[in-house]
Amino acid sequence: MCGIVAYIGPRQAYPIILKGLKRLEYRGYDSAGVALLNSGLKVYKKKGKVADLEETLVGKDLHATIGIGHTRWATHGEPSDRNAHPHVSANGKLSMIHNGIIENYGQLKQELENKGYTFSSDTDTEILLKFIEDIQINNKSGLEEAVRIALKRVVGAYVIVIIDEDNPDTLIAARKGSPLVIGIGKGEHFLASDATPIIEYTKEVVYVNDYELAIIKSDELILKNLGNEKVTPFIQKLDLELAAIEKGGYDHFMLKEIFEQPDTIFDCLRGRLDAEAGTITMAGVQNHIEQFKNANRIIIIACGTSWHAGLIAEYIFEELCRTPVEVEYASEFRYRNPVIHKGDVIIAISQSGETADTIVAIEKAKEHGAFIFGVVNAVGSSIARISHAGAYTHAGPEIGVASTKAFTGQLVVLMMIALKVAIEKKTIDQKRYLHLLNELQELPDKITLMLREKDAIRAVANKYKDATDSLYLGRGYNFPVALEGALKLKEISYIHAEGYPAAEMKHGPIALVQETLPVVFVATKDSYHEKIVSNIQEIKARKGKVIAVITAGDEIITKMADDVISVPEADEIVAPVLSTIPMQLLAYYIGVAKGYDVDKPRNLAKSVTVE
């Protein structure tokens, strides 16, 4: 949600900021704007896409070597020109961009209105900026000190970046709960919500921590905490290439990322899994193996697609490790007053590592003495730093809003953790353990084979693209795959879709079945195969259209279904990684057939940084 870009240095700021905003479009937004300092403050903002803003600025004098830019995902106030960022102070000298939500904005606004301030937008951001301005005036303090005082009063999450007409050689930035990375160049600095706008200029970055204030000049970066104590910046090298965030000849990022999965899963396994030696090397697990072995329960906390990965992991951990597992929506966990005991293991799953609901949930669990293990994709992200230990999925940057390769990376990491713990606990025998290691090692090659069948899946997609509703059904390990398939279809094609355990169909959803209803069965060969065959028969008896994802060679379901999509044979524990690939392609091709922008589906954001 929301994207922040800023620049200070010898170059022209506007082209850098504009390109950066385009790089951050995947995060989801509904308006865009820039503020530039050059013989005065100039602010331009526009509802719609970055391209709409760019079009309105053709022919304007945009020369400036310091500037800030923003893409806004509406929270307070509808998408509009006046609610777009950047916002401007009452005296017209300060301009600010903001990612996050100020929860006590109402109280701050009332205080300011009592002093005679008026507001030209509906946003919490304008309130915060004018609150900073008021402190600056009344305390006769500099901007840095005014920001520090203001943020001690603020309740909520924020990244802010401010430029000041009276100090045209300085940017002020601060963070709590939302991501901010600062790129360090030669006599220049780049600020952004993530590294994607920065990588073509520098590989040296600093990830700003919560409650830190950054004072940034062309040739100087000073970090302080809110107590005005200096903090030594920790400079990291970016392990990211420009090609990774470009389409590379594919029509969409989503398709590119689907086809990258053989490589991303190989990268996820590389250096960790050695099937020949029979070993899994994961330092984050091994260094804390006693917590995993002795845990009375494991609680998995996640949102959206990551929650579906957690549901699959629940089956796997309970089967292999014999440890009770609960899977919680992070957005509900904080408010449910959950029972957490010291020694509980919390696995937090988030592709961005910045999911606000998940961050708050694990902070609460940490307060109660739980052991926190993060499974994230983004190196240096908040969850990676908050957790006691963790594992990266190594899926690389995922630009498409609907998660694909990050999801399968999560599954593979979770499977390796479960296997590592199971062999240490001796809840799995050596033969089964070695078999599953081999199954995991074979995944990249099997996915490569599946992706060659893309045209067959596209044909199925074209056949059902005009459906208005659909059901996705599965049993056991395949039930969460059905949920994920339904979510992908909703996200990309805007077709209403629901996922259910196949046996639950008789308890209500079967009432929806008619000739026009496509029903997608995730029906690979497993312990439930005979049962799901019966469920397919129930749909066919009511004239529903059956699309079945089956194990290659399954002649029983092939004869029953209207359309089949085959996946290679695999152990039922590993099979969800394979059966999710057709779900991704089916949603992608239906979305494309309907003419939608599958990389940036409406109303959605890649990184959900507000609760």
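Here, each number is a calculation from the coordinates, and none is a lab measurement. Bear in mind the structure is a predicted one, so any value in this text is a computation, not a measurement. Every residue, glycine as well, gets a Cβ built from its backbone with ideal geometry; the counts of neighbours run over all protein chains shown.
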Excluding residues fewer than 8 positions from Lys366 in its own chain, the lysines with Cα under 24 Å of it are Lys152, Lys176, Lys293, Lys342, Lys420
Residues meeting the amide H criterion for Leu273 (H placed from the backbone, H to H distance under 5 Å, 5 or more places apart or on another chain) are Thr281
A student asked for the Cα radius of gyration and Dmax of the stretch 250-441 in angstrom ought to give 15.9, 49
Karplus ³J(HN,Hα) for the stretch 37-42 (6.51 cos²θ - 1.76 cosθ + 1.60, θ = phi - 60°; Hz, whole; x = Gly/Pro) runs 10, 6, 6, x, 8, 10
The relative contact order of the chain, taking Cα pairs under 8 Å that sit 6 or more residues apart, comes to a percentage of 12
Put in order of increasing Cβ neighbours within 10 Å, starting from the fewest, Ser350, Ser121, Ser579 give Ser121, Ser579, Ser350
HN-Hα couplings for the stretch 70-75 via Karplus (6.51, -1.76, 1.60; θ = phi - 60°), in whole Hz with x for Gly/Pro, come out as 8, 10, 9, 10, 4, 10
Once the in-chain neighbours fewer than 8 apart are removed, the lysines whose Cα is under 19 Å from Lys488 read Lys256, Lys405, Lys454, Lys463, Lys465, Lys594, Lys600, Lys606
Length-normalised contact order of the stretch 3-243, Cα under 8 Å, at least 6 apart, in percent, tallies to 19
Rg (one decimal) and Dmax (whole number) from the Cα set of the stretch 166-315, in Å, equal 20.6, 65
Descending packing, highest mean Cβ count within 10 Å first, for 155-167, 103-115, 325-337 is 155-167, 325-337, 103-115
Taking the chain, the equivalent ellipsoid from its C-alpha gyration tensor has semi-axes in Å, biggest first, of 45, 27, 22
Inter-part gap, Cα centre of the stretch 411-476 to Cα centre of the stretch 35-104, in whole angstrom, is 45
Binned at 5 Å from zero, the C-alpha pair distances of the stretch 3-243 give percents of 1, 7, 15, 20, 22, 18, 11, 5, 1, 0, 0
Mean Cβ-within-10 Å packing, highest first, puts peptides 422-435, 306-319 in the order 306-319, 422-435
